[in-house]
Amino acid sequence: MSSLAFARAARALGRAARLRGLRVPVFRSPPGLDVTRTIRRRRGTVTIAVRRRGRPVSAVVADMIEGVVVANELTGVAADRVRSALWEAVRKEDRPLAA
């Protein structure tokens, strides 16, 4: 996944989260550690760092979506609804994210 595609996905997820009254985390790549995703909470801000290189686009987007869910401390049905809405927001992105 290119850095531009990552930025487009982050914007789409941010818009969709805001429309639902959710906290929008900061997205960055790569994480500082040798892992695929990290979540950091500091001074009221949640930062989701996701590794892009060498991973399928769907895996990167799934980590970003899960980051929004975790940042908002969602569980159960509420988490499932938000995941579905966020996947739909990414799917509706004008350009393919694999680019």
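Every read-out reported here was derived from the displayed coordinates using simple, explicitly stated rules and does not represent laboratory data. Quick caveat, the model's predicted, so the values are computed rather than measured. Don't worry about glycine lacking a Cβ; one is built from the backbone with ideal geometry, like all the others, and counts go over all protein chains shown.
Going by average Cβ neighbours within 10 Å, how do the peptides 59-68, 22-31 rank, with the highest at the top?
Highest-to-lowest ranking by the protection proxy: 59-68, 22-31.
Multiply the residue separation of residue 41 and residue 4 by 0.36 nm, subtract the distance between their alpha-carbon atoms, and state the gained length in nm to one decimal.
Additional length available on full extension: 10.8 nm.
Relative to the compact-globule scaling 2.2 N^0.38 Å, provide the ratio for the alpha-carbon radius of gyration of the chain.
After normalising by residue count via 2.2 N^0.38 Å, the value is 0.99.
Per 0.36 nm of contour for each residue apart, how much would the distance between residue 75 and residue 92 grow if the chain were fully extended, relative to their Cα-Cα spacing?
Difference between extended and current length: 3.7 nm.
Assigning unit charges at the beta carbon (Lys, Arg +1; Asp, Glu -1) and nothing else, what dipole magnitude in debye, to the nearest 20, does segment 3-91 show about its Cα centre?
Computed charge dipole of segment 3-91: roughly 360 debye.
Obtain the nm distance between the two label points defined at residue 18 and residue 53 by a simple spin-label model: each point lies 7 Å from its Cα along the Cα-to-C-beta direction.
Computed distance between label sites residue 18 and residue 53 equals 3.1 nm.
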